[in-house]
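Structure first, then comments.
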Amino acid sequence: MKDIESLFKHQRSFYHNNHTRDVPYRKSLLRQFREVLKRHENDMFEAIHKDFGKSAYETYETEIALLYHEIKLSLKNLKHWAKAELVPTNLPNLPGKSYILTEPYGTSLIIGAWNYPFLLSLHPAVSALAAGNTVVVKPSELAPATSALMREMINNNFDPEVFHCVEGGVEETTELLNQPFDKIFFTGSPRVGKIVMHAASEHLSSVTLELGGKSPAIVFPDANLKMAAKRIAWGKFLNAGQTCIAPDYLMIHESVKEAFLLMLKKETERNLGEEPESSEAYTKIINDAHFERLTKLIDHEKVLFGGNTNPDNRYIEPTVLDNVSFEDAVMQEEIFGPILPVITFSETEQMIAEVKKLPKPLALYVFTKSKKLREKVLFEVPFGGGAVNDTIMHLSNPNLPFGGVNNSGLGSYHGKAGFDTFSHKKSILQKSTLFEPPVKYPPYKPWKWKALRWLME
Ligand code: NAD
């Protein structure tokens, strides 16, 4: 563990020597990053296939394409994002000018989750490097092939002073968290998020937490049901439901439930065939522990379709559970797998009240043509971010800050929001020395009271 301490000290000293403050240097790192990704594309497809049995197309679509996109956006906007921002100066501070400098936090630590391993470790790393931080990435040990590849890709191509990968589990992460990093960016469960925040409090490190939760998909009777079924089927069973913003459960109006569930079945079959186990578009569950946890959540009395499992290859069929209530086991935790519980509602008010009883989710999806219903849900239900008439895709627009709220996270990233997440806003008042108004100085004469009131009220 001496290595971790020494790595941190090297990065801190590199940062303090101002190497990363130079925008062209940061851009050169991003270009190098892109080149390393390009060179290792096939290795990344293979590693993901080894960990998840996932297709190259889906790996590109859901991970690598988004990394390229973020690098491209950062290279294009970095100079502009890093520029000082002039703001108005209020009367008491004239003559003078006011501006906000954007400076890197300094040393940053990024702890990734396993479900989209490249994206979740490397996407924040793009923002951190763009913002001028040094970076230590700790990928999840639960996806070992991708973790090993990230170590190779980063450590063979970047100086450890600026960008380095440390592999490991609880022990290594704990040691990393013992170091006084300026910024800690964590993606994972609320349970470990609390551990990270606790550790960060020791050094008062700035923290961003990207967590999870139970994200509802709400379907009103006036929705385009066919489109809703298509988009929910895709968003739920993508990566076998192991997606932080997958629709966790379905809230559907009772009047359209039957018709909708038939469409959902059809759309699922259209995507994955009648035997998803042999479909190259269907992913396996990450490990035995998650496989066992998920199979226990399938109440076979309530299976509407799906429900088959195979422990040999950790396969769980896309499964829909009907007639579920908020008391069922499947509603007590984030599912994070290909099981969709269906809860019906008749009253909008009551449905919203039920959704609000659960901790604030990371995402919410509402399907309706009605402006009134859409606005009611968006206004009344707290959640991280989401989509109207779609699932998942809000994550792919870098102009939308991505993150949760309270139980589902703290802070956000993607695009400019990511750059800002890894930057400190340093506010400066620059005063003229031409003259100094006497109002703030003693003796406090009656005319000063008057002048102060006039200035401030
Ligand atoms: P996790 O919390 O178990 O692990 C995340 C990271 O924390 C891993 O790198 C792991 O090594 C480390 N870790 C685990 N236990 C630790 C401990 N005791 N001390 C220090 N570090 C520890 O999460 P996971 O299983 O990898 O991911 C699943 C969770 O992540 C779900 O809740 C999901 O919703 C959430 N998630 C959120 C996002 C997002 O962008 N908001 C993205 C993906 C996943």
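The values are calculated or read from the model by the stated rules, or taken from the named source; none is laboratory data. Source: prediction; values computed, not measured. Because the Cβ atoms are built from the backbone with ideal geometry, glycine has one as well, and the counts that use them run over all protein chains shown. Calculation scope for accessible area: heavy atoms of the full protein, side chains included, ligands and nucleic acids excluded. Shrake-Rupley method; radii C 1.70, N 1.55, O 1.52, S 1.80 Å.
Among the residues of segment 162-177, those identified as open to solvent by less than 60 Å² (accessible area, probe 1.4 Å) and either near the ligand (Cβ under 9 Å from one of its atoms) or in contact with a strand residue (DSSP E or B) (Cβ under 7 Å, 6 or more places away or on another chain) (or both) are Val162, Phe163, His164, Cys165, Val166, Gly168, Gly169, Glu172, Thr173, Leu176, Leu177.
Spot the failing condition for Glu41; the list is (1) closer than 28 Å to Ile4 by Cβ; (2) without any contact (Cβ under 8 Å) to a residue 60 or more places away in the chain; (3) open to solvent by 30 Å² or more (accessible area, probe 1.4 Å), and only one is missed. Single failed check for Glu41: (1).
Determine whether Phe291 is crowded, with 21+ Cβ neighbours inside 10 Å, in a helix (DSSP H, G or I) and not assigned by TED's automatic domain parsing to the domain that holds Tyr116.
Numbers: crowded, with 21+ Cβ neighbours inside 10 Å: no; in a helix (DSSP H, G or I): yes; not assigned by TED's automatic domain parsing to the domain that holds Tyr116: yes.
Considered against the rule, which asks whether it is crowded, with 21+ Cβ neighbours inside 10 Å, in a helix (DSSP H, G or I) and not assigned by TED's automatic domain parsing to the domain that holds Tyr116, Phe291 comes out as no.
Name every residue in segment 197-222 that is among the charged types (D, E, K, R) and out of contact with any Asp or Glu (no Cβ under 9 Å at 6 or more places or on another chain), in order of residue number. If you could, list the steps in order and put the result at the bottom.
Applying the first criterion (among the charged types (D, E, K, R)) to segment 197-222 yields 202, 210, 214, 222.
Selection gives Glu202, Glu210, Asp222.
All of Ile298, Ile335, Ile316 fail the test of being assigned by TED's automatic domain parsing to the domain that holds Met251, within 30 Å of Tyr57 (Cβ to Cβ) and under 23 Å from the mean Cα position of the chain (by Cα), apart from Ile335. Pairs linking a residue in segment 438-450 that is at pLDDT 95 or above to a residue that is assigned to a loop (DSSP other than H, G, I, E, B), with Cβ atoms under 8 Å and 6 or more positions apart or on different chains, are Lys448/Pro438; Lys448/Val439.
Being in contact (Cβ under 8 Å) with a residue 24 or more places away in the chain, near the ligand (Cβ under 7 Å from one of its atoms) and of a type in the set (A, V, I, L, M), is that true of even one residue in segment 178-195? No: zero hits. Taking segment 294-324 as the range and being open to solvent by 40 Å² or more (accessible area, probe 1.4 Å), in a loop (DSSP other than H, G, I, E, B) and more than 17 Å from Tyr282 (Cβ to Cβ) as the test, the residues that pass are Asp299, Asn323. Listed by position, the helices (runs of 4 or more DSSP H) enclosed by segment 1-77 include none that has at least 3 residues that are at pLDDT below 95, touching a strand residue (DSSP E or B) at 6+ places or on another chain (Cβ under 7 Å) and assigned by TED's automatic domain parsing to the domain that holds Pro144.
For every residue, the table says whether it meets (1) open to solvent by less than 50 Å² (accessible area, probe 1.4 Å); (2) touching a helix residue (DSSP H, G or I) at 6+ places or on another chain (Cβ under 6 Å); (3) under 29 Å from Lys360 (Cβ atoms).
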{"site": "Pro144", "(1), (2), (3)": "no, no, no"}
{"site": "Asp159", "(1), (2), (3)": "no, no, no"}
{"site": "Gly188", "(1), (2), (3)": "yes, no, yes"}
{"site": "Ala200", "(1), (2), (3)": "yes, no, yes"}
{"site": "His203", "(1), (2), (3)": "no, no, yes"}
{"site": "Glu210", "(1), (2), (3)": "yes, no, yes"}
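Is it true that some residue in segment 236-248 is of a type in the set (A, V, I, L, M) and either surrounded by fewer than 19 Cβ atoms within 10 Å (Cβ to Cβ) or away from the ligand (no atom under 16 Å from the Cβ) (or both)? The answer is no; no qualifying residue exists. Is there a residue being in the same structural domain as His123 (by TED's automatic domain parsing), on the phi > 0 side of the Ramachandran plot and more than 16 Å from the ligand (Cβ to nearest atom) anywhere in segment 203-226? The answer is yes; a qualifying residue exists.
Within segment 401-416, how many residues turn out to be away from the ligand (no atom under 13 Å from the Cβ) and more than 11 Å from Thr102 (Cβ to Cβ)? Final tally of qualifying residues: 1. Would you confirm whether or not segment 325-338 contains a residue that is buried (at least 17 other Cβ atoms within 10 Å of the Cβ) and of a type in the set (S, T, N, Q)? No; the residues of segment 325-338 include none that is buried (at least 17 other Cβ atoms within 10 Å of the Cβ) and of a type in the set (S, T, N, Q).
Remark: pairs (first residue in segment 104-120, among the polar types (S, T, N, Q); second residue within 10 Å of the ligand (Cβ to nearest atom) and open to solvent by 20 Å² or more (accessible area, probe 1.4 Å); Cβ separation under 8 Å; 6+ apart in sequence or on different chains) = Asn115/Cys244; Asn115/Phe336. Has segment 257-275 got at least one residue that is within 13 Å of the ligand (Cβ to nearest atom) and not in a loop (DSSP other than H, G, I, E, B)? The answer is no; no qualifying residue exists. Considering (1) within 14 Å of the ligand (Cβ to nearest atom); (2) aliphatic (A, V, I, L, M); (3) farther than 20 Å from Val36 by Cα; (4) open to solvent by 10 Å² or more (accessible area, probe 1.4 Å), the lone condition that Leu101 does not fulfil carries the number (1).
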